[in-house]
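Remarks on the structure that follows.
The values are calculated or read from the model by the stated rules, or taken from the named source; none is laboratory data. Bear in mind that the values here come from a model prediction, so they are computed numbers and not experimental data. All Cβ positions, glycine included, derive from the backbone under ideal geometry; neighbour counts span all protein chains shown.
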Amino acid sequence: MTGLEKIKNQILEEAQKKASDTKSAAEAKAENIKETAREQASQMAAQMEERSRTEAANYRDRIKSSCDLKRRTMLLEAKQRLIGQVIEKAYQSLQEADTEEYFAMMEKLLARSVQKGDGKMYLSAKDLERMPADFAAKAAAAAKEKGGSLSVEKEPKAMDGGFILVYGGIEENCTWRALFDANREKLQDLAHGYLWRDENG
């Protein structure tokens, strides 16, 4: 083998070794990149799984909260309807009370409502028809105690029950409906307490 061939072979061997070393380094680097990518992918998968669990838990909580709110709203609406029915039934019972009981309540209401001065009292057509014979005198006596006078007018007013007082052209609405409406919150509280007293302790 000549010197030139030796040099040629040496150059080829060095080139092959360098190529082999480069290939090994590239393979090692590629494996390192793949391992890093696998680790990152695993971490990302774990993070996504955790995020999915968190989002699912949050979604369940929101659904539960929404259902609870709807249930409470429906329950409140049902209670309000029932309370309204109880109040309306009480109003109807008052309207349908027998004459003696009805006008006894009218007298109590009148004692609280009558004023000084000359006044007129208006009733419904139904109440005028069933008014006890001594009611006008009792009304006048109640007004006299307050330093005034009161006459029960024969002209009926369009109303369900109760009465309207007129002093100097100013009307005071003492109909049962007006009193129920004015005291609706108190009546609702009373009805609620009666209907759910066990629930309230």
Inset, instruction - May I ask you to verify whether GLN115 is surrounded by 13 or more Cβ atoms within 10 Å (Cβ to Cβ) and under 25 Å from LEU82 (Cα atoms)? - result: no
Inset, instruction - Pull up region 109-128, narrow it to residues that are basic (Lys, Arg) and outside any helix (DSSP H, G or I), then point me to the one that is farthest from GLU171 (Cα to Cα). - result: LYS116
Inset, instruction - Considering each of GLU39, GLU27 in turn, give the residue that is at pLDDT below 80, surrounded by 10 or more Cβ atoms within 10 Å (Cβ to Cβ), of a type outside the set (A, V, I, L, M) and part of a helix (DSSP H, G or I). - result: GLU27
Inset, instruction - Determine which single condition TYR59 fails, assuming it passes every other condition in (1) aromatic (Phe, Trp, Tyr); (2) closer than 30 Å to LYS186 by Cβ; (3) under 32 Å from the mean Cα position of the chain (by Cα). - result: (2)
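Is it the case, given these coordinates, that LEU12 is farther than 30 Å from ASN183 by Cα, at pLDDT below 85, over 24 Å from the mean Cα position of the chain (by Cα) and exposed (fewer than 10 other Cβ atoms within 10 Å of the Cβ)?
Working: farther than 30 Å from ASN183 by Cα: yes; at pLDDT below 85: yes; over 24 Å from the mean Cα position of the chain (by Cα): yes; exposed (fewer than 10 other Cβ atoms within 10 Å of the Cβ): no.
Taking the combined requirement at face value, the residue does not satisfy it.
So is LEU187 surrounded by 11 or more Cβ atoms within 10 Å (Cβ to Cβ) and touching a Gly at 6+ places or on another chain (Cβ under 9 Å) or not? Don't jump to the end; show me each part of the working.
On the way: surrounded by 11 or more Cβ atoms within 10 Å (Cβ to Cβ): yes; touching a Gly at 6+ places or on another chain (Cβ under 9 Å): no.
For LEU187, the condition - surrounded by 11 or more Cβ atoms within 10 Å (Cβ to Cβ) and touching a Gly at 6+ places or on another chain (Cβ under 9 Å) - is not met.
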Inset, instruction - Report, ordered by the first and then the second residue, all pairs with beta carbons closer than 6 Å, sequence separation of six or more or different chains, a first member in region 88-108 that is surrounded by 11 or more Cβ atoms within 10 Å (Cβ to Cβ), and a second member that is at pLDDT 90 or above and of a type in the set (Gly, Ala, Ser). - result: GLN95/GLY161
